[in-house]
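*Asks:* Dropping the structure in here first, questions after.
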Amino acid sequence: MRMTAAQAIVECLKAENIKVVYGYPGAAICPFYDALLDAKDDIKHVLVRHEANGGHAANGYARISGKPAVCIATSGPGAVNLVTAIATAYADSIPIVCITGQVNTDQIGRDVFQEADITGAAEPFVKHSYLLSDPKDLPRVFKEAFYIAGTGRPGPVLIDIPMDVQKAEIDFEYPESVSIRGYKPSSKGNYNQIKRVLSALESAEKPLICIGGGVFASNAQNEICKLAEIMQIPVITTMMGISVFSDENPLFFGMLGMHGVASANRAVNDCDVLFLVGARVGDRAVRTPLTLEKTTKILHIDIDPAEIGKNVGADYPLVGDAKLVLQDMLQMAKPMEHKEWINHLNLSKAKKDFDKAPEGTVNPREFMYKLSKTMPANTIVSADVGQNQIWAATGYKIKDGGRFITSGGMGTMGYSVPAAIGAKMAAPDRPVVVICGDGSFQMEFMELATAIQHGVAIKIVVMTNNRLGMVRELQTNGYNDRQTAVFLDGSPDFIKLANAYGIKSYRVTNDETMDEAIDMLKNSDELCLIEVVVDKMAKTL
Amino acid sequence: MKHTISVLVENHSGVLSRISGLFSRRGFNIDSLAVGPTQDPTISRITIIADGNEYTVEQIEKQLNKLVEVIKVKTLEKDECLARELLIAKLSVPADKRSEVMTIAEITGAKVMDLTLTTMTLELCDTYSHLKRFEEIIAPYNVIELVRTGTIAISKGADTITAKK
Ligand SMILES: Cc1ncc(C[n+]2csc(CCOP(=O)(O)OP(=O)(O)O)c2C)c(N)n1
């Protein structure tokens, strides 16, 4: 069919079954926006209040829907604003497709108004990118972009489209399939190697499964849980793997790493065989991979061959899609017992007694615990970055069917609110709770307007300590408590701010108000906010 | 250790910057990088001479393979490949030294490309190590300009590196 390339973009999005896009317009992307208006019944456009948040919202949407999500920005400043979100998605292997407007083809390279080399700027953080110079390529490029973003190890793909290209007329036909000779992601694992991995796991005395974000990427949650159950193997996760396993499961020993829990780190130290599933063993998870590989037999499944052996040497490398590999393993796995080993790990499980917080504040861990006991099982928790993130990661007890999302790899402050908006739009029936700090909230609270505008009823918890708490703690511990540039004096009264946005709010300063606030949060059908006041010297762990 | 890595890539603009970007941001050291078309006009071939241990080459190969426009990556074993590089050097040579330089050229296999009253321009196509030796030999003869193409290489015998259809 004959149409403009801008209209063709809309057709591509429809063909990819995209129902919502997050964006921010400007001159260079106007042809596309004009075409999008004609499709407003099929594709909802959400005007975010900053382009990075459009990217984060798409990120949250993609995580919950399991499919690539779309964000849009104009050329120059709009595109450059998107870079943080692209890098954030890249670090966590989240499939987003970013569409940016670009100046006219004949103006590229002349430093014209709002020209930025966005494919160049984003290059280190994209799985792939396109600068579309021939409008005829558009259908193929979109087909490829969605395919590349969502398959193999997922990641962000950028399509930069000059204004004149958007306006050109083309014959539109969406390709049925893709064929990219340089991109053939492996999926099925080598069968003999799978058998070897399984027998190494079987012969272990103290086996341990470590789950990473790759398990979500391959939608292998059920498979890994089944395998752990059948073989009675204890499980820990990285931050990206949180909520694959329920905290209530007796086989679960928590998140490992620098900010992880004692039981998980003990498990890594004491196990004889460590089975890594879609986990890349980043520096925050394992600080001394070289010691680990000497003392422990390592089995490593990853879909990205480059991750195997990158941070930690694997005795049994296994390249493949976790879901398919685990399905093969489940066919062969026999029931086992590891009672002694599990009992040993139970000794290091933390007890749940919470210290009394100073007057006028609450214990953040106790708050997380109570919140998690009150919220329904299928709640999605979107945590920001900082102490709040770790309190949420280790203190919020995930039930079966719950989900935890955060910016794990990049640690991008300002992620939680926009990501929660995306998550809620992908799963309108599930409660979505944001956990953020007073620092991070001030990087993202402009998105309250977006949530109100589109009736996205997320529940926001701001943990206020009037500090950039995690950096303050770093200064306390590593720099002789010389605190600098971490004071958030001048912050608004968050309750008044909520009033200004016309949303319900509640300030929690003691145990009584804590219960009331949590109830309000649980029962509210609308966007609401609670501020939880914590001690300025409260510890992360 | 030096490694010779052959990379078949899509003949698109921008591929080279992706590859050089990858090397710099991952801290891989390149001695030389040479790129040109192949018998298939849609494919270019890049030959990279990189420095590093086993771990580094493995990572280089794997990271290159992740680039969508990279079709094939192969490290050529030192003894299994034929490698050549072209060097052009301009020497400032007074008339009385000309024959001396001519003798060097003859022995080393270099050719005189250009001659003026005050300069001689030599070319030599050979392996990396021969060129290095050649550079040392001509160093005393007032080299005023020197360029090298970077090594290109192909496997010995009937082996080929081609894109799978
Ligand atoms: C965009 C960005 N800038 C800076 C940092 C460094 N950083 C990590 S944690 C943190 C403090 C976060 O403060 P707040 O949001 O108040 O949370 P708290 O640690 O107090 O819970 C900072 C500044 C970051 N992660 N992201």
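The values are calculated or read from the model by the stated rules, or taken from the named source; none is laboratory data. Everything numeric in this text was worked out from a predicted model, so none of it was measured. Here the Cβ is made from the backbone with ideal geometry for all residues, glycine too, and neighbour counts use every protein chain on show. These accessible areas exclude ligands, DNA and RNA; they are computed on the full protein's heavy atoms, side chains included. Shrake-Rupley method; radii C 1.70, N 1.55, O 1.52, S 1.80 Å.
*Asks:* Looking at the range B:64-89, I want the residues that are farther than 30 Å from B:Met113 by Cα and more than 14 Å from every other protein chain (Cβ to nearest Cβ) and have a partner that is of a type in the set (A, V, I, L, M) and crowded, with 20+ Cβ neighbours inside 10 Å with Cβ atoms under 7 Å, at least 6 apart or on another chain. Which pairs are those?
*Replies:* Listed pairs, sorted by first residue: B:Thr75/B:Ile5; B:Leu76/B:Ala153.
*Asks:* Continuing with this model, one more query. Would it be correct to say that B:Thr121 is at pLDDT below 95 and either open to solvent by 80 Å² or more (accessible area, probe 1.4 Å) or at negative phi (or both)? Spell out the reasoning first.
*Replies:* Numbers: at pLDDT below 95: no; either open to solvent by 80 Å² or more (accessible area, probe 1.4 Å) or at negative phi (or both): yes.
Against the criterion (at pLDDT below 95 and either open to solvent by 80 Å² or more (accessible area, probe 1.4 Å) or at negative phi (or both)), B:Thr121 does not qualify.
*Asks:* Looking at A:Thr379, A:Thr361 in this structure, which one is away from chain B (no Cβ under 14 Å), farther than 22 Å from A:Ala267 by Cα and more than 16 Å from the ligand (Cβ to nearest atom)?
*Replies:* Values: A:Thr361 fails: more than 16 Å from the ligand (Cβ to nearest atom).
From the options A:Thr379, A:Thr361, the qualifying one is A:Thr379.
*Asks:* Looking at (1) within 11 Å of the ligand (Cβ to nearest atom); (2) aliphatic (A, V, I, L, M); (3) surrounded by fewer than 22 Cβ atoms within 10 Å (Cβ to Cβ), can you tell me which one A:Leu497 breaks?
*Replies:* (1)
*Asks:* Got a number for residues in the range A:500-521 being over 27 Å from A:Gly455 (Cβ atoms) and within 16 Å of the ligand (Cβ to nearest atom)?
*Replies:* Residues of the range A:500-521 that are over 27 Å from A:Gly455 (Cβ atoms), as a first pass: A:509-515.
Okay, now just the ones that are also within 16 Å of the ligand (Cβ to nearest atom), so none.
Residues in the range A:500-521 being over 27 Å from A:Gly455 (Cβ atoms) and within 16 Å of the ligand (Cβ to nearest atom): 0 in total.
*Asks:* What are the pairs, 6+ residues apart or on separate chains, where a residue within the range B:17-41 that is within 14 Å of chain A (Cβ to nearest Cβ) has its Cβ under 6 Å from a residue that is outside any strand (DSSP E or B)?
*Replies:* Short answer, once both residue conditions are applied: B:Arg18/B:Leu67; B:Gly21/A:Glu123; B:Leu22/B:Gln63; B:Arg25/A:Pro124; B:Phe28/B:Ile60.
*Asks:* Free of Cβ contacts under 8 Å to residues at least 40 places away in the same chain and over 24 Å from A:Ser65 (Cβ atoms): is that true of A:Phe445 in this structure? Even if it seems obvious, please write down each step before you answer.
*Replies:* On the way: free of Cβ contacts under 8 Å to residues at least 40 places away in the same chain: no; over 24 Å from A:Ser65 (Cβ atoms): yes.
Spelling it out, it is not the case that A:Phe445 is free of Cβ contacts under 8 Å to residues at least 40 places away in the same chain and over 24 Å from A:Ser65 (Cβ atoms).
*Asks:* Just checking, how many residues over the range A:260-313 are within 14 Å of another protein chain (Cβ to nearest Cβ), assigned to a loop (DSSP other than H, G, I, E, B) and open to solvent by 40 Å² or more (accessible area, probe 1.4 Å)?
*Replies:* Restricting attention to the range A:260-313, the residues satisfying the condition of being within 14 Å of another protein chain (Cβ to nearest Cβ) are A:280, A:289-290, A:293, A:300, A:302-313.
If we keep only those that are assigned to a loop (DSSP other than H, G, I, E, B) as well, we get A:280, A:303-304, A:308-313.
Then keep just the ones that are open to solvent by 40 Å² or more (accessible area, probe 1.4 Å); that gives A:280, A:310-311.
The number of residues fulfilling the criteria is 3.
*Asks:* While we're looking at this one, here's another question. Which of the residues belonging to the range A:90-125 are open to solvent by 10 Å² or more (accessible area, probe 1.4 Å), hydrophobic (A, V, I, L, M, F, W, C), within 20 Å of A:Ala52 (Cα to Cα) and within 12 Å of another protein chain (Cβ to nearest Cβ)?
*Replies:* A:Ala121, A:Phe125 - these are the residues of the range A:90-125 that are open to solvent by 10 Å² or more (accessible area, probe 1.4 Å), hydrophobic (A, V, I, L, M, F, W, C), within 20 Å of A:Ala52 (Cα to Cα) and within 12 Å of another protein chain (Cβ to nearest Cβ).
*Asks:* Within the range A:179-202, count every residue that is in contact (Cβ under 8 Å) with a residue 40 or more places away in the chain and more than 14 Å from chain B (Cβ to nearest Cβ).
*Replies:* 14
*Asks:* Which of (1) open to solvent by 50 Å² or more (accessible area, probe 1.4 Å); (2) assigned to a loop (DSSP other than H, G, I, E, B); (3) more than 9 Å from the ligand (Cβ to nearest atom) does A:Met413 not meet, given it meets every other one?
*Replies:* Here A:Met413 meets the rest and fails (3).
*Asks:* So, one more: Return the pairs, sorted by first residue and then second, in which the second residue is more than 11 Å from the ligand (Cβ to nearest atom) and open to solvent by 70 Å² or more (accessible area, probe 1.4 Å), the first residue lies in the range A:470-490 and is within 14 Å of chain B (Cβ to nearest Cβ) and modelled with pLDDT of 95 or more, the beta carbons are less than 7 Å apart, and the residues are 6+ apart or on different chains.
*Replies:* The qualifying pairs do not exist here.
*Asks:* So which of A:Ala383, A:Ala322, A:Ala392, A:Ala333 is surrounded by 23 or more Cβ atoms within 10 Å (Cβ to Cβ), within 24 Å of A:Leu299 (Cα to Cα) and in contact with a helix residue (DSSP H, G or I) (Cβ under 8 Å, 6 or more places away or on another chain)?
*Replies:* Numbers: A:Ala383 fails: within 24 Å of A:Leu299 (Cα to Cα); A:Ala392 fails: within 24 Å of A:Leu299 (Cα to Cα); A:Ala333 fails: surrounded by 23 or more Cβ atoms within 10 Å (Cβ to Cβ).
Sole residue among the options that is surrounded by 23 or more Cβ atoms within 10 Å (Cβ to Cβ), within 24 Å of A:Leu299 (Cα to Cα) and in contact with a helix residue (DSSP H, G or I) (Cβ under 8 Å, 6 or more places away or on another chain): A:Ala322.
*Asks:* On to the next question. Just for helices (runs of 4 or more DSSP H) wholly inside the range A:137-207: which have at least 3 residues that are modelled with pLDDT of 95 or more and under 28 Å from A:Asp315 (Cβ atoms)?
*Replies:* A:191-202
*Asks:* Can I ask one more? Could you give every pair whose Cβ atoms fall below 8 Å, whose first residue belongs to the range A:359-375 and is under 15 Å from A:Arg507 (Cα atoms), and whose second residue is among the acidic types (Asp, Glu), counting only separations of at least 6 or pairs across chains?
*Replies:* Correct list of pairs: A:Thr361/A:Asp535; A:Val362/A:Asp511; A:Asn363/A:Asp355.
*Asks:* Pull up the range A:102-123, narrow it to residues that are free of Cβ contacts under 8 Å to residues at least 12 places away in the same chain and under 28 Å from the mean Cα position of the chain (by Cα), then point me to the one that is nearest to A:Tyr33 (Cα to Cα).
*Replies:* A:Asp117
*Asks:* Turning to a different aspect of this structure: Look at A:Gly478 and say whether it is within 14 Å of the ligand (Cβ to nearest atom), surrounded by fewer than 17 Cβ atoms within 10 Å (Cβ to Cβ) and either of a type outside the set (Ser, Thr, Tyr) or closer than 26 Å to A:Glu526 by Cα (or both). Talk me through it step by step, then tell me what you get.
*Replies:* Details: within 14 Å of the ligand (Cβ to nearest atom): yes; surrounded by fewer than 17 Cβ atoms within 10 Å (Cβ to Cβ): yes; either of a type outside the set (Ser, Thr, Tyr) or closer than 26 Å to A:Glu526 by Cα (or both): yes.
Spelling it out, A:Gly478 is indeed within 14 Å of the ligand (Cβ to nearest atom), surrounded by fewer than 17 Cβ atoms within 10 Å (Cβ to Cβ) and either of a type outside the set (Ser, Thr, Tyr) or closer than 26 Å to A:Glu526 by Cα (or both).
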